[in-house]
1. Could you state, as a whole-number percent, how many of the C-alpha pairs of the chain are farther apart than 21 Å?
2. Taking the chain as a Gaussian network, where each spring joins two C-alpha atoms under 10 Å apart, which residue of Arg78, Arg92, Arg30 fluctuates the most?
3. With everything on Cα atoms, drop me the angle between helix 176-190 and the longest principal axis of the chain, reported from 0 to 90° to the nearest 10.
4. Restricting to the chain, what percent of DSSP beta bridges are antiparallel, rounded to 5?
5. Calculate how large, on average over all directions, the projected area of the Cα convex hull of the stretch 148-194 is; give the answer in nm² to one decimal.
6. Calculate how steeply helix 10-20 sits against the longest principal axis of the alpha-carbon atoms of the chain, using the helix alpha-carbon long axis, and give the answer as 0 to 90 degrees to the nearest 10.
7. Neighbouring Cβ atoms within 10 Å as the yardstick, rank Ser175, Ser24, Ser8 fewest first.
8. How high is the relative contact order of the stretch 2-190, in percent, counting Cα pairs under 8 Å that sit 6 or more residues apart?
Amino acid sequence: MKIYFITSNEGKFNEVTEAIGSVSGVELERLELSYPEIQGETLEHVVKFAMGWLKEHLEDKYLEHTVMIEDSGLFVNRLKGFPGIYSAYVHRTIGGYNAVLTLMEGEWDRRAHFETCIGILGQVEEPKLFVGKCDGTLANDARGTGGFGYDPIFIPEGEKRTFAEMSVEEKNKFSHRGKALMDLKKFLADTNIR
Ligand code: IMP
């Protein structure tokens, strides 16, 4: 089974490769294409809209296989869920994790979580969603050189290290994406998509 993962994010592609790239019978390929990412209220809205658009606009040579997209964000309790669905925009415009650290200066409630929504379409009867959440806290300072995005400031529950201080394999064990990918892996094992 061939899966095209549409992403420009190398870090995400590495995590997906680690989780499902070695599943027997799965051939994972990265596709760098753009599709509309609406400013919806939830990640699910964003992914569902994009899947509808891709179904209409993507070439058949891709839709003859399985096509996967993913949207995620960091939700900070004290900031009422910000940056959340605006995580990519905040990362691009005001400096990502440094901006979040500045907003959180002196705050004692540092609870936050990551959420992800993975969508697959193409050789599935109905476009399907897989979601994952990872609770944790924000570090006081950025730590670690691995991962991407907000990884240097996020400490998952039960750990002392930030995601950026972990290997891809370790991060997948805790992370929002790792959890959604586990469900996707089960789904792929139970289906006869080719
Ligand atoms: P998007 O899903 O590509 O829209 O990403 C949303 C934003 O959150 C981007 O700035 C990503 O770098 C960041 N992000 C998404 N997933 C993660 C993650 O697992 N760790 C750290 N940052 C992430």
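Every number here is computed from the coordinates shown, using simple stated rules; none is lab data. Not measured: the values here are computed from a predicted model. Reconstructed Cβ throughout: ideal geometry from the backbone, glycine too, with neighbour counts over all protein chains shown.
1. 50 percent
2. The residue with the greatest mean-square fluctuation here is Arg92.
3. 20 degrees
4. Antiparallel bridges: around 75 percent, rounded to the nearest 5.
5. Its Cα hull, projected and averaged over all orientations, spans 4.1 nm².
6. 60 degrees
7. Ser24, Ser8, Ser175
8. It comes to 20 percent, rounded to a whole number.
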